[in-house]
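Asks: Below you'll find the structure I mean.
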Amino acid sequence: MPDAKVALPKPIPYTGLLDKYDSFEVTPYIGSEFSDLQLTDLLEADNADELIRDLAVLVSQRGVIFFRNQNIDDAKQRVLGSKLGELTGKPQESTLHVHPTEAPSSETGEEILVLQPNKGINNNKELLSQISSRSSRGWHTDITFEKVPSDYAVLKILSPPTGGGGDTLWASGYHAYEKLTPAYRAFLETLTAHHSGEYFKTVAAASGHGIVERPRGHPLNQGDYLQADHPLIRTNPVTGWKSVYVNPIFTKSINGLSWDESKSILEFLNQNLVENHDTHVRFRWNPNDVAIWDNRSTYHTATNDYTATNREGHRVLSIGEIPYYDPNSVGIFEALEELQKLEIK
Ligand SMILES: [Fe+2]
């Protein structure tokens with residue numbers, strides 16, 4: 001939790017700079033898509049900072065945004081990944097994440113995680129079978145085992161699998177919160193949960209090297225202890241909205257409860273995540289499509305329904321702030337209702 005004397009950030013409004021580009025909401029609750037906007041044009045514009053700030057705010061509001069057929073390269077993807085958080089107030093010490101399983105010399109640079117069917121955890125069949133006997137087990141939010149986890153992720157799929165498949169699904173943490181009763185929310189808001197990514201040590205060892213122990217995007221994210229405690233309900237600093245912040249992959253227990261109580265609540269919250277398909281969006285990748293999502297308020301999962309080995313994606317993960325819960329923040333429905341009232345006046 002942040003120091004009580006430190007003022008919590010105020011939500012950042014969207015100023016409408018991207019409204020001139022064609023876009024649509026893929027579902028009412030989560031996901032928007034731009035069909036005719038090149039992210040490089042935003043980066044090169046005279047008012048690049050204003051445009052990218054608005055883009056970040058829109059991503060935080062919609063959870064995930066899709067961009068078709070992008071010409072952005074690794075270097076510019078890194079710049080974009082950094083600017084999204086920098087322009088929306090992330091701490092100065094926060095940079096881009098280096099994944100703990102990253103090989104010591106990576107062709108793309110350590111801040112680009114290359115996603116391929118036979119790389120990293122995807123190459124560890126035994127571990128994979130333990131965590132993904134059901135496809136619903138794959139839902140997660142990136143790197144919540146870090147003390148300072150991610151704000152934004154930028155993923156470009158260079159080549160989807162030949163023959164189809166490999167869709168990615170996202171779910172809204174804001175709406176996961178809205179599914180709960182006020183009494184249950186009030187209880188969860190008092191809790192913190194324990195997250196662990198210790199299994200990445202097995203993944204790294206199987207790849208023939210140890211985990212990355214130097215700072216992974218923040219001075220607090222270093223060493224070989226891949227565990228952290230975070231509030232169970234988290235406030236997104238950009239929108240000011242509350243989100244459920246536990247996930248089936250990394251969250252192991254709820255602090256201060258018995259093992260049985262913790263297990264039962266986590267199972268309930270995981271069900272709340274996977275069984276509310278009105279809070280999901282599914283994206284079918286074409287070559288060079290990009291997705292940008294807010295890791296503080298969404299979940300995502302891969303679809304392992306293909307055998308082609310040519311799928312390749314490049315991901316940049318930005319480190320944000322230490323997660324916190326602001327008791328004065330609100331749920332997305334209440335916030336949008338207030339916004340509507342203001343627009344009517
Ligand atoms: Fe992920």
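Throughout, read-outs are computed from the coordinates displayed, never taken from laboratory work. Values in this document were obtained by computation on a predicted structure and should not be read as measured data. For neighbour counting, all protein chains shown are included, and Cβ atoms are generated from backbone atoms with ideal geometry for every residue, glycine included.
Asks: Take the alpha carbon gyration tensor of the stretch 159-279, find the square roots of its eigenvalues, order them as a ≥ b ≥ c, and report rounded if a/c is under 1.5; if not, report prolate when a/b exceeds b/c, else oblate.
Replies: Oblate.
Asks: To the nearest 20 debye, what is the magnitude of the charge dipole of the chain about its Cα centre, counting +1 on the Cβ of each Lys and Arg and -1 on the Cβ of each Asp and Glu?
Replies: 600
Asks: I'd like to know which of Leu8, Pro323, Leu96 lies farthest towards the positive end of the charge dipole of the chain, counting +1 on Cβ of Lys and Arg and -1 on Cβ of Asp and Glu.
Replies: Final value for the positive-end residue is Pro323.
Asks: What FRET efficiency do you get for Phe268 and Gln227 if R0 is 22 Å and r is their Cβ-Cβ distance, rounded to the nearest 0.05? Numbers along the way, then the final one.
Replies: Numbers: r = 23 Å, r/R0 = 1.04.
My answer for the efficiency is 0.45.
Asks: Consider all pairwise Cα distances in the chain and report the whole-number % of them above 39 Å.
Replies: 8
Asks: Can you pull out the GluC sites (Glu not before Pro) in the stretch 244-327 whose DSSP state is coil and whose Cβ has at most 15 other Cβ atoms within 10 Å? Could you put the intermediate results ahead of the total?
Replies: On the way: sites: Glu261, Glu267, Glu275, Glu312, Glu321; in loops: Glu275, Glu321.
Answer by residue number: Glu275.
Asks: What nm value, rounded to one decimal, do you get for the distance between Thr202 and Glu25 when each label is placed 7 Å out toward the C-beta?
Replies: Roughly 4.2 nm, to one decimal.
Asks: With r defined as the distance between the Cβ atoms of Val79 and Asn255 and R0 fixed at 25 Å, what FRET efficiency is calculated, to the nearest 0.05?
Replies: 0.10
Asks: Still on this structure, I have one more. Return the Cα extents of the stretch 206-277 along principal axes one, two and three, sorted largest first, each rounded to a whole Å.
Replies: Largest first, the stretch 206-277 extends 38, 33, 29 Å along its Cα principal axes.
Asks: Would you kindly state how much longer the chain becomes between Asp36 and Thr162 on full extension, computed as 0.36 nm times their sequence separation minus their alpha carbon distance, in nm to one decimal?
Replies: Roughly 42.9 nm would be gained on extension.
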